[in-house]
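Q: Below you will find the structure I want to go over with you.
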Amino acid sequence: MLRKMAIAGVAALTLAACTQQERNIGTGAAVGGGLGAAVGAVATGNTEGALVGAAIGAGAGAIIGAVADRPGYCYARDQYGQTIVIECPRGYR
């Protein structure tokens, strides 16, 4: 079980890339994957739960990492459901 968790953790760490935002995404995925694997393993007591937790955690961490380092910008959806990045209105934080 620990071997598979280690493999999942190493796989998540390989997501780190060149630009700052891509590094944030990679770091978020790695941290989320590790925490998700730990929670999944504790909650289910088996390897499958750890792998599912790692996948969910990595996805959530990547999303959070992508949007965490953009001060002054807000995220919204357009009429087609696509996420767009806009400057926040004055006084909005």
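The values are calculated or read from the model by the stated rules, or taken from the named source; none is laboratory data. Being a predicted model, the structure only gives us computed values, none of them experimental. Glycine gets a Cβ as well: all are built from the backbone with ideal geometry, and neighbour counts include every protein chain shown.
Q: Only residues that are within 15 Å of the chain's Cα centre (by Cα), surrounded by 16 or more Cβ atoms within 10 Å (Cβ to Cβ) and without any contact (Cβ under 8 Å) to a residue 12 or more places away in the chain: list them for segment 21-68, please.
A: VAL67
Q: Taking the options VAL39, VAL67, name whichever one is aliphatic (A, V, I, L, M) and at pLDDT 80 or above.
A: It is VAL39.
Q: Return the residues of segment 22-62 that are in contact with a Leu (Cβ under 9 Å, 6 or more places away or on another chain) and not in a helix (DSSP H, G or I); say none if nothing qualifies.
A: Across segment 22-62, there are no qualifying residues.
Q: Of the numbered conditions (1) assigned to a helix (DSSP H, G or I); (2) modelled with pLDDT under 90; (3) closer than 28 Å to THR83 by Cβ, MET5 fails exactly one; give the number of that condition.
A: Against the list (1) assigned to a helix (DSSP H, G or I); (2) modelled with pLDDT under 90; (3) closer than 28 Å to THR83 by Cβ, MET5 comes up short only on (3).
Q: Taking segment 69-89 only, how many residues are more than 22 Å from ARG23 (Cα to Cα), within 20 Å of the chain's Cα centre (by Cα) and either touching a residue at least 24 places away in the same chain (Cβ under 8 Å) or part of a strand (DSSP E or B) (or both)?
A: Total satisfying the criteria: 2.
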